[in-house]
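The block underneath contains the structure these notes are about, expressed in structure tokens.
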Amino acid sequence: MLEQIKELWFEVYPKSTENKLNELIEYLKSEKQQFSEKELDSEWYKKAVIYSLYVDLYAGNFKGLTDKIDYLSDLGINTIWLLPVLDSPLMDQGFDIRDYYKIRKDLGNNEDFKLFLDKAHENGIRVIFDIAINHTSNEHPWFKSAKSSKDSPYRDYYIWNENTEKYKEARLLFKGMVNSNWEYNEETKDYYFHRFYPFQPDLNYKNPQVLIEMIKILVFWKKMGIDGFRMDAAPFLWKEEGSNCENLPQTHAILKIFRNSLDYLEKGTILVAEANLKPRDVVEYFGNGDECHAGYHFPLMPKFFLTLAEKNYMYVFEALKVENTPNIPESCRWFTFLRCHDELTLEFVTKEEREKMNKYYLKNRLWTFREGEGISGRLYELLDKDIRKVLLSFSLLFTTEGSPIIYYGDEIALENDYDFYNKMIEKTGFKDSRFLNRGPINWDEIEKNLKNKSSKEYIVFNTVKNMLKIRKENIEFFEQKGEVVPVKDKSIFVVKKRLKSRMLWAFHNLSEENKSIELKSEGFELFSKEKISKIKLKPYEYSWVIFEG
């Protein structure tokens, strides 16, 4: 692996940086002795059921989250994805990092985090967290020094220019909120580059010291016991004049250096590519199984919603065709979701689909994001506050593809939080609709409702819990790629998964009508000893059936 790092290094940096390469190699060798040689389940993420949350909004701090481990374990998740937890002024929910080596004070300290990690691991729960590798906060000591003087030792940790004419082909990621990728710095009378908000200056990976510093940060948390990193904004690491500054070859080489560095120390710590791209482009971030372990299937999310709105499974069917979702290395995995901490992303759907999504799901103008390219809103709100549709959507997610992600609160039908939205607009000055689905949980109210068998919280939580119990008991099926079965009635969504002579079928009624599915007439592959010849489904009902060979 060290030899691979050396080869990759010179794909990015000139021969004159060999002293920096040697510095990195010596550092990794010195850290190696702190890791064990025991065999670990290095592909645990293939069985993952992931729960994503903001610690402060979910449980107040890490002590509170440690107390919630039993709740999460009872739900049936086995992986927690912590949205930003590192020290931050919280202008962008923690994606603006001020100190990479410290947990935010409001969440506790590094010792509290370690106690949480230990409790999670004792309960068979892995933990991954977000780390912004493309940019820092403008309050990070590196940037505070860099902006104060052109002679600062950290000046080249960031990207500067005398005017705004450089990297003109880099698109605006926050269109409608941020009008330029350059921000003027009064102290040095020039501009710094940023892909997100102006308070998030981009790091300069053309300076190899930045790469070394980031590897040291990852190793620090790996030693603490973290099981993986969501590599936030990974596609934007390398900037090159004349390009759109996205998905460049040097970015992939850098990610492979991260991967080899961590694997050299000890396998099992995963890298998750946060690449909001079409699947055929995301697969580039898997490499040959030597880059990121997992990637988000962003385009599948709106296809689920179109399928539900139009009662037509063909959206998902087409999305999962190999020409749209290419095969990935055996060691890699798609992470799929209905909602995430951001918006319902519409960047990579067609213009017609974007118009449809806004027509069906933009139920309030406040929900719009990026001038119509996204919709914010809780799952329960988006699906008309209809529990049947919510549960149907979870069944689609759990049976169709990949390792599923549950966004905190969706398992209890949490609603949009307009008070939090207004509070954050006042704090940041940006009308960011994503604040609607980032509100805090009132656990006193939730726990009371979880005892009421007629409440939406009780019904959704316990039904999702039962789905995950079945999934765990039959994990060998759910590790398989789902195949959407073409049937004549487009409002009947059928997924099958095969394992040798056994098959799992998931039937979904997308319509408001009762449906009866004649299995033999539809030509389903059943085995002779099975007595089932018909599946009956009520409106928005689903059924999972296992046929034994």
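Only the coordinates and a few stated rules stand behind these numbers; no lab work does. None of the values given here were measured: they were computed from a predicted structure. Neighbour counts run over all protein chains shown; Cβ positions are idealised from the backbone, glycine included.
Couple of notes before you dig in:
- Three-way shape call for segment 1-156 based on the alpha-carbon gyration tensor, with the a/c threshold at 1.5: oblate
- Label-to-label distance, nm, for residues given as E473 and Y184 (7 Å Cα→Cβ offset): 6.7
- Straight-line reach from K488: taking Cα to Cα under 12 Å and skipping same-chain neighbours fewer than 8 places apart, the aspartates and glutamates in range are E518, E522.
- The label point for E18 and the one for E426, both projected 7 Å from the Cα toward the Cβ, are 6.1 nm apart.
- Semi-axes of the equivalent ellipsoid for the chain, computed as √(5λ) from the eigenvalues of its C-alpha gyration tensor and ordered from largest down, come to 40, 26, 24 Å.
- Figure legend: label point modelled 7 angstrom from the Cα of F348 along Cα→Cβ; residues of segment 246-276 with amide N under 20 Å from it are 246-256, 271-276.
- Computed from Cα atoms, the angle from the helix 2-12 axis to the main principal axis of the chain rounds to 70 degrees.
- Whole-Å semi-axes of segment 138-202's equivalent ellipsoid (Cα gyration tensor): 20, 12, 9
- With Cα atoms, 0 to 90° folded angle of helix 300-310 axis to the chain main axis: 40
- Share antiparallel - DSSP beta bridges, the chain, percent rounded to 5: 55
- Computed over the chain, the per-residue total of -39500 (n - 2.57) for DSSP H runs of n ≥ 4 gives a 222 nm mean residue ellipticity of -10000 deg cm²/dmol, rounded to 500.
- For segment 87-96, 3J(HN,Hα) per residue [Karplus equation, 6.51 cos²θ - 1.76 cosθ + 1.60, θ = phi - 60°, Hz, x = Gly/Pro]: 3, 7, x, 6, 7, 9, 6, x, 6, 9
- Ranked by the mean number of other Cβ atoms within 10 Å of their residues, highest first, the peptides 505-517, 347-359 fall in the order 505-517, 347-359.
- On Cα atoms only, tilt of 208-224 relative to the major axis of the chain in degrees: 50
- For the pair K534 and D106, the difference between a 0.36 nm per residue extended length and the Cα-Cα distance amounts to 148.5 nm.
- Distance from segment 437-513 to segment 169-234 (C-alpha centre basis), Å: 37
- Amide H partners (placed H, <5 Å) of L248, local residues excluded: W238
- Label positions at K465 and E26, each projected 7 Å from the Cα along the C-beta direction, are separated by 5.6 nm.
- Once the Cβ-Cβ distance of Y418 and E518 is raised to the sixth power relative to R0 = 60 Å, the FRET efficiency obtained is 0.80.
- Shape call, segment 264-371: gyration tensor on alpha carbons, a/c limit 1.5: prolate
- Each peptide in 15-23, 255-263 was scored by the mean count of other Cβ atoms within 10 Å over its residues; highest first, the order is 255-263, 15-23.
- Global form of segment 233-302, assessed from the alpha-carbon gyration tensor, a/c cut-off 1.5: oblate
- Ranked Y54, Y458, criterion: other C-beta atoms within 10 Å, fewest first: Y458, Y54
- Candidate aspartates and glutamates - alpha carbon under 14 Å from K278, same-chain residues fewer than 8 apart omitted: E246, E318, E323, E347
- Sequence ranges 193-201, 211-219, 238-246, ranked by mean other-Cβ count within 10 angstrom, highest first: 193-201, 211-219, 238-246
- Karplus 3J(HN,Hα) series, Hz, for segment 328-337 with 6.51 cos²θ - 1.76 cosθ + 1.60 (x for Gly, Pro): 10, x, 4, 7, 9, 8, 7, 9, 10, 7
- Pairs from K389/K453; K222/K431; K32/K144; K6/K32; K114/K448; K175/K222 whose Cα-Cα separation, in the structure shown, is over 26 Å: K222/K431; K32/K144; K114/K448; K175/K222
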